[in-house]
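Engineer: Handing you a structure now.
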Amino acid sequence: MGILISCFRGGNEDTFDPVITTKQEQVKDQSFATAEITKLRSEANRLQSERHTLITQSQTAYKSNKKSLAHTLSLRSKSLLPKITSLNARAVSLILSSQNLSSGVIDLHGLYLPEVLPLLSSFISDSKDYKTILIITGAGHHSKAHDKPVIRPKVEEYLTSKNYKWKEVHKRGAIEVELKGTLHYKQT
């Protein structure tokens, strides 16, 4: 059974652009990307943990009046930041490359909160030909550290702050946005 996602360009329902994919097609297309994304995110997380350790060691050295060691550790921690940023950027690129963003649909699964809003802003800007777009946020079941949705509330807050008309759809796993709207409402 396929999933049908429909979007209408320019408010004219005669220009209906359906996007149909089956679960099997999605899994097949994403299997390599998912493994690579996991690898990139894991390495970025490992380096972030190492960076945190170096920062803690630097602070301890500084408090122990070992200024030179503190400085060296601080520089080492700072040197990891570009690597972490690059790994996460590559993961985002892979996540987005498996999507047809020109269809008026974006899936935010696999993205981290700091990555979401800049991407969302760009996506909305690039989707101005659509009357409505769909933002798949998920219901928040994978927000391990927070025990509650993290991305969806921030997306809702962003859309509200920009005066978009939106509603939750697909059992609160997605948000449909009317690009020319002025009010928001939640489907209950």
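Engineer: Please find, within segment 168-188, the residue that is modelled with the highest pLDDT out of those that are among the charged types (D, E, K, R) and either touching an Asp or Glu at 6+ places or on another chain (Cβ under 6 Å) or more than 18 Å from residue 154 (Cβ to Cβ) (or both).
Structural biologist: Of everything passing the filter in segment 168-188, 178 is modelled with the highest pLDDT.
Engineer: Return the pairs, sorted by first residue and then second, in which the second residue is assigned to a helix (DSSP H, G or I) and modelled with pLDDT of 95 or more, the first residue lies in segment 49-72 and is under 18 Å from residue 83 (Cβ atoms) and among the hydrophobic types (A, V, I, L, M, F, W, C), the beta carbons are less than 8 Å apart, and the residues are 6+ apart or on different chains.
Structural biologist: From segment 49-72, the pairs are 54/73; 54/74; 54/76; 54/77; 54/80; 55/73; 55/74; 55/77.
Engineer: On to the next question. State the number of residues belonging to segment 138-162 that are part of a loop (DSSP other than H, G, I, E, B) and modelled with pLDDT of 90 or more.
Structural biologist: 1
Engineer: Are any residues in segment 93-134 hydrophobic (A, V, I, L, M, F, W, C) and either more than 23 Å from residue 40 (Cβ to Cβ) or assigned to a loop (DSSP other than H, G, I, E, B) (or both), and if so, which ones?
Structural biologist: Hits for segment 93-134 are 105, 108, 111, 124, 133, 134.
Engineer: Determine which single condition residue 74 fails, assuming it passes every other condition in (1) of a type in the set (S, T, N, Q); (2) exposed (fewer than 15 other Cβ atoms within 10 Å of the Cβ); (3) not in a loop (DSSP other than H, G, I, E, B).
Structural biologist: (2)
Engineer: Any residue in segment 26-47 that is over 24 Å from residue 78 (Cβ atoms) sitting within a Cβ distance under 8 Å of a residue that is loosely packed, with under 13 Cβ neighbours inside 10 Å and modelled with pLDDT under 90? List the pairs, counting only those 6 or more apart or interchain.
Structural biologist: What qualifies is 33/97.
The values are calculated or read from the model by the stated rules, or taken from the named source; none is laboratory data. All figures in this text were calculated on a predicted structure; none of them were measured in a lab. Cβ atoms come from the backbone with ideal geometry, glycine included; neighbour counts cover every protein chain shown.
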